[in-house]
Amino acid sequence: MPRGTLEVVLVSAKGLDDSEFLSNIDPYVILAYKAQEHKSTVQEGAGSNPQWNETFLFTVSDSASELTLRIMEKDNYNNDDSLGEAIIPLDALFEEGSLPETSYNVVKDEEYCGEIKVALTFTAERNGGYNAEEEESYGGWKESSGDY
């Protein structure tokens, strides 16, 4: 079970559905890993090819194996609209440690509707799961350093 920090660099998207009639769409992304969520800045007027270059950090402490990116369109008058989502499997990342900028398909209602580009880095916990309290309960340096 991997434990550590997941770093997501949200780079850009292309080919998003620009459904606005008189103006370009204002896209943003909701990044979700388990119960953790981050939201990118809204790229006002960016249309179907926005650029973000933003970094987000998630704490990895269980066996969840995918990152979800929901691409949204900011709507000033109604609820924000979904432009689609990309689900990124993380198993290869946990093995390799990092994945370079890669484009993933954005899908809505099982149809391709653009691409989103991200770079991923996983940094494992340094202590390798070492638990100081656990060692103390079994004896160790503290107990063996008594007065003899």
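Below are the figures for this structure:
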| quantity | calculated |
| --- | --- |
| Criterion (touching a residue at least 40 places away in the same chain (Cβ under 8 Å), charged (D, E, K, R) and out of contact with any Leu (no Cβ under 9 Å at 6 or more places or on another chain)) met by exactly one of 91, 62 | 62 |
| Breaking point among (1) touching a residue at least 60 places away in the same chain (Cβ under 8 Å); (2) open to solvent by 60 Å² or more (accessible area, probe 1.4 Å); (3) under 20 Å from residue 47 (Cβ atoms), for residue 115 | (2) |
| Residue among 46, 64 that is small (Gly, Ala, Ser) and closer than 19 Å to residue 106 by Cβ | 46 |
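The values are calculated or read from the model by the stated rules, or taken from the named source; none is laboratory data. On a predicted model such as this, the values are computed, not experimentally measured, just so you know. Glycine also receives a Cβ, built like all others from the backbone with ideal geometry; neighbour counts cover every protein chain displayed. What goes into the accessible areas is simple: the full protein's heavy atoms, side chains included, and nothing from ligands, DNA or RNA. Shrake-Rupley method; radii C 1.70, N 1.55, O 1.52, S 1.80 Å.
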